1. Counting pairs of Cα atoms in the range 1-100, how many percent are more than 23 Å apart?
2. Obtain the nm distance between the two label points defined at N21 and V323 by a simple spin-label model: each point lies 7 Å from its Cα along the Cα-to-C-beta direction.
3. Once you place label points 7 Å from the Cα toward the Cβ at T361 and S394, how far apart are they in nm?
4. Find how much the distance from D299 to T421 grows on full extension, using 0.36 nm per residue of separation minus their present alpha carbon separation; answer in nm with one decimal.
5. In whole Å, what are the extents of the range 179-231 along the principal axes defined by its C-alpha atoms, from largest to smallest?
6. Based on the Kirkwood radius over alpha-carbon pairs, what value in µm²/s does the Stokes-Einstein equation return for the translational diffusion coefficient of the range 86-230 at 37 °C and 0.692 mPa s?
7. Give the carbon-plus-sulfur fraction of the accessible surface of the range 102-206 in %, rounded to a whole number; probe 1.4 Å, heavy atoms of protein chains only.
8. Taking the Cα of D35, stepping 7 Å toward and past its beta carbon, and measuring to each backbone N in the range 70-106: which are under 15 Å?
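The values are calculated or read from the model by the stated rules, or taken from the named source; none is laboratory data. Please read these numbers as outputs of a predicted model, since none were measured by experiment. Here Cβ is always computed from backbone atoms with ideal geometry, including for glycine, and neighbour counts include all displayed protein chains. SASA here: full protein model, heavy atoms, side chains in, ligands and nucleic acids out. Shrake-Rupley method; radii C 1.70, N 1.55, O 1.52, S 1.80 Å.
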Amino acid sequence: MYRVTVRQGWDGQETTIHSENMSSVKLLSAKITKDVDSIDSFAFNISPKSSQYNAFKYRTTFVKVTNTKLNKVLFEGRVLPTTDSMDSSGIFDKSVTCEGLTAFLHDSIQDYYALSNNDLKAFLSHMIDVHNRQVDSYKRIKLGQVTVTSPSDNVYKSIDDSKTTYDTIKEKLIDKYGGEIRVRHESDGLYLDYMPEIATLSGQNIRLASNLLSLKRAVDPSEAYSVIKPLGARAEVENKTGDSEISQPRLTIESVNNGSSVLSSQSMVQKIGYVVHAEVWDDVKVASILKSKGQAALDSQREIKEQFQVTAIDLSLLTDRTVDSFECGNYHQAINPLMGIDERLRIVGQSLDICEPLNSTLSIGDKLLGQADYDALIKKQNEAIEEIKGRVASQTARIVTITEEMKTTNAALSSAQKELTSLKDEYDKLLTNIGDADFKAIMAKLTELENQTTTIINNLGEIGQNVLDLETFKTAQETINTKQETTNKDFEKRIAALEGGNK
């Protein structure tokens, strides 16, 4: 399933240190860690029995992990400092940690740069050019897909000349405009992509009774607010020397809002009371514009977090399945009808265990909900609870009916047993008096008794099967009933907690 190779130098020959086809030496442990907001890492332990035990050199040894079933590279990066250790029993091993190729952006420092009227793609291109002038040829990067845009490209931009290229990209682009970056290794070199989301919709669903092992959902409305205080740019004044300086107060909306500096949502006030939130727009210098931005932010706030914890089996690991694998950044449809969940969730973090694939875990990103989404969620959960209550009531009624049917069946069985006993007595009596009766009468009586016995035996078989079927059904239904009552109570507790936090 997984193959791990090492090479000395960027263009060195690859040597396999772990593979499903290797029967003798494999890695003792190995785990890939991915996160949409950070650089990938790969950590593993290797035994002294491996011929490559002492082959790992800082930053010049490269490691690659490949999914052999999908023929897809899961990780590629360089070695960081290693650690040798010996346990109390005298067994040695080496711990190796590697960082992904995106770490190449830490190997260069940006020059001071300042300009205006520059779009984000050109700004990023400039940073990559500075990077390429400083690093080894194999670390040089080409600009790939750049689809993040700013509300206005007519913005002054500057670069600090003391920070790495990676830190500069994060501070000047990602933190300010959002988006995600990745460095990908193609046949003609390295490419840097900068996109709002680096993601696709996977064809593998996470579904109850299929690959979903556990799922927890928590809704956190603690950051929601009912009142907003919009704040604009700080006013500039001239000092005694004629130079401009920044004064402390920011622009507010009092002049265009009947003397009030805040805006409120009555519907939210009724739900959570008066909770004030300040929002700053540094580039807004007109009060009317500031008010409109504040109102829009209040109306569209998405501060209610819906959090998920998911444990699921990646069906692509099974040899007979050809489905999309779990990959960090991708979206998967999560389906659990009993919890009222049918949502598209994104994997924002992933821990992939190479040696024990079933121990791999997923981190699901928080979803930000608006008030309408939150209300719909509560309604959906209440509907799910009512449906479960209905099922429980229906099954309870069915069990009562089955119990009555079993009583009737047991009575019929008792009657049949008595009739069979009576027939046996007649057989015995007939055999006792056989010398005193004529054979025609005997044969007629025997035929009659045989027919009655056959009918009773058949009836007893049907009755016995009915009893077994009813007992099996009753046991199964009582088990389901107990589980659903437990689930129902859990739902009610969670809903009560949610509703209690919004009073």
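1. So the portion of pairs separated by more than 23 Å is 22 percent.
2. 2.8 nm
3. 3.9 nm
4. Extra length available between D299 and T421 comes to 35.6 nm.
5. Here the Cα extents, ordered largest to smallest, are 54, 49, 14 Å.
6. Working: Rh = 19.0 Å.
The estimated diffusion coefficient comes to 172 µm²/s.
7. C and S atoms contribute 45 percent here.
8. 99-100, 103
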